[in-house]
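The values are calculated or read from the model by the stated rules, or taken from the named source; none is laboratory data. In this text, all values refer to a predicted model and were calculated from it rather than measured experimentally. Every residue, glycine as well, gets a Cβ built from its backbone with ideal geometry; the counts of neighbours run over all protein chains shown. Ligands, DNA and RNA are excluded from the accessible area calculation, which covers all protein heavy atoms including side chains. Shrake-Rupley method; radii C 1.70, N 1.55, O 1.52, S 1.80 Å.
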Amino acid sequence: MTHLPRTLVIVGAGFSGTTVAINLLRLSYWRPLRIVLLERAYRMGRGVAYADKDYPYPLNVPAGRMSLNSSDPLEFLKFAQQRLPGATADDFLPRSLYGEYLETTLHDAELASPPHVQLTKIHGDVCSIEHVGSKRSLRVELKDGSSFIADDVVLALGNPPPGHVPGTERLAGSRRYISDPWASPPQFEPGETALIIGTGLSMADAVLAGANATFHAISRRGLVPPSQTAFRHAGCDDDGAKLLRAASLSARRLMRAVRELTDEVQGRGGDWREAITCVRNLAPTLWHRLPQPERARFLRHARPYWDVHRHRLPQETLAKLHDLRRANKLHIHAGRILGFELVGEKISVQWRARGSDEIQTLLVDRVMNCTGADYNPIRSRDHLLRSLLAQGLATTDTLGLGLRTANYGALLDSRNRIVPNLYYIGPMLRADHWECTAAQELRIHAERLAHHLAAPAMAPVLATPRSAASLRGAANIAAF
Ligand SMILES: Cc1cc2nc3c(=O)[nH]c(=O)nc-3n(C[C@H](O)[C@H](O)[C@H](O)COP(=O)(O)OP(=O)(O)OC[C@H]3O[C@@H](n4cnc5c(N)ncnc54)[C@H](O)[C@@H]3O)c2cc1C
């Protein structure tokens, strides 16, 4: 019996889309398959995280924990060692090398795939997707007017730009305001003073790119991420049960259980990062267990502390930030920004330090928004996402964390029904899984989705996403 080729369109060729394609090519699909990988940027396999930059730009995660393949955890390291023979699993390697790894692995998987599985890479900007016929197919339309009919579509749209910072509308159109550091690479003139809004990972990237400028960085609590360490994760089976019990009760009980676990780990001479990894491995199940009002409470009270311990910096990066602080080139403030005003060639920034009533003014040459990706789909300015929401083909969770999905990332519509043949993979899975940002989590979602798509008779999608237990089985997620 001959089969017509099935067409699978993947929108977005950052880490997630590229990894889904690689898995599908490696799985040797049983019948003719055409994979169309669509990317609006000029290079595949990069996204905002792994692009080439003309300044040092290391990964935030050591090489030994960046494989895209959970069954070969050192795959990236082995690739890197072909270029950098001395590289070790604990090294923080250049982001552009990681982009090269994604591109090369895709290319190799394409070459090794059977003749009935084809990959077509196309540069284009998808602006709409809609069902056609009896809702068994989807039409994928590009901005240039071309379109594809697909049997399945995987949306891998990635990291949205940072959200709007109130008051910055007064800076609209000024080249002195950088609203998206990933779209406009930081370019600071020697001797100038800049304000960075945010004190997290993007702040570190921006500051280290701007040698010879002076920086003020402000966030509500002024928390700077701690360093990564080369700790060894010992597993946490008994502690896991305690965490799960606590999560069924309340956010407060959960946080208390996390603190107890941290104390216990440190008490036996371990590293607190081990406890965070333990919690992270269980995060989707913990998130499912937390009652809805308790999720909101967690976000209100615990999120900044969770985020700052969870997202860490390479030791070398942190040491450079300390040096800049000692040299008075970097000032970290805890406080609230009250407003901005353009004053000639400068920007005047009013702000108030945390716990103080006094209004202070900073006169700076540039302001950069480093508050991190804004994942709330309702606020998205992306034409494709807006179109999907308007058609009811996608919906957000009540906390605005991302997109609602079922098992395998199948999108849920505005009435919480599974949208046939439309899948999502990427950081907006956090609406149902909480932790879903780093390569180590996304690779597992990519593997599961590819297996589902490649199954001879695709398993039915269940409305409730499969929880962390299955993710845990696939790999232990180490710290990012
Ligand atoms: C600055 C930064 C640094 C990071 N560093 C690390 C790290 O060191 N280690 C780690 O594990 N994780 C890191 N992360 C987490 C990161 O989210 C994931 O590792 C991963 O890059 C996410 O991949 P993605 O494919 O989901 O998104 P992205 O990499 O953002 O890719 C999405 C792609 O989709 C394309 N696209 C979007 N919409 C359309 C459309 N309509 N039509 C066509 N193409 C479209 C975009 O152009 C983009 O290339 C980092 C994230 C950021 C933002």
- Message: Just the residues that are touching a helix residue (DSSP H, G or I) at 6+ places or on another chain (Cβ under 7 Å) and within 30 Å of L401 (Cβ to Cβ), please, taken from the stretch 342-368.
- Response: V367, M368
- Item | Residue list for the stretch 404-423, restricted to those being polar (S, T, N, Q) and either assigned to a strand (DSSP E or B) or farther than 12 Å from R448 by Cβ (or both) | T405, S414, N416, N421
- Identify, from the list S128, S71, the residue that is in contact with a strand residue (DSSP E or B) (Cβ under 7 Å, 6 or more places away or on another chain), of a type outside the set (A, V, I, L, M), surrounded by fewer than 20 Cβ atoms within 10 Å (Cβ to Cβ) and over 30 Å from M203 (Cβ atoms). S128
- Give me the pairs: first residue in the stretch 150-166 and closer than 30 Å to E341 by Cα and more than 11 Å from the ligand (Cβ to nearest atom), second residue among the polar types (S, T, N, Q) and open to solvent by less than 20 Å² (accessible area, probe 1.4 Å), beta-carbon distance under 6 Å, and six or more apart or on different chains, which are they? V165/N369
- Task: Inspect all residues belonging to the stretch 183-198 and state whether any of them is touching a His at 6+ places or on another chain (Cβ under 6 Å), modelled with pLDDT of 95 or more and surrounded by 21 or more Cβ atoms within 10 Å (Cβ to Cβ).
- Result: yes
- Query: When residues of the stretch 100-121 are filtered for being surrounded by 15 or more Cβ atoms within 10 Å (Cβ to Cβ) and more than 20 Å from R443 (Cα to Cα), how many remain?
  - Reply: 3
- Task: For the stretch 182-222, enumerate the residues that are more than 18 Å from N159 (Cβ to Cβ) and within 20 Å of the chain's Cα centre (by Cα).
- Result: T199
- Query: Do you know which residues across the stretch 161-184 are out of contact with any Leu (no Cβ under 8 Å at 6 or more places or on another chain), assigned to a loop (DSSP other than H, G, I, E, B) and not polar (S, T, N, Q)?
  - Reply: P161, G163, H164, V165, P166, A172, G173, R175, D180, P181, W182, A183
- Residue satisfying all of: in the stretch 61-81; in a loop (DSSP other than H, G, I, E, B) and touching a helix residue (DSSP H, G or I) at 6+ places or on another chain (Cβ under 6 Å); farthest from R95 (Cα to Cα) among these: S70
- Task: Residues being within 21 Å of P58 (Cβ to Cβ), touching a residue at least 60 places away in the same chain (Cβ under 8 Å) and away from the ligand (no atom under 16 Å from the Cβ): count how many of those fall in the stretch 167-202.
- Result: 1
- In the stretch 8-45, residue farthest from the chain's Cα centre (by Cα) [restricted to those that are more than 9 Å from the ligand (Cβ to nearest atom), more than 13 Å from S113 (Cβ to Cβ) and open to solvent by 20 Å² or more (accessible area, probe 1.4 Å)]: R31
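Which one is most open to solvent (accessible area, probe 1.4 Å) among residues in the stretch 364-403 that are within 30 Å of R175 (Cβ to Cβ) and assigned to a helix (DSSP H, G or I)?
R379
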- Just wondering, is there one or more residues in the stretch 351-359 that are over 27 Å from the mean Cα position of the chain (by Cα) and under 30 Å from E435 (Cβ atoms)? yes
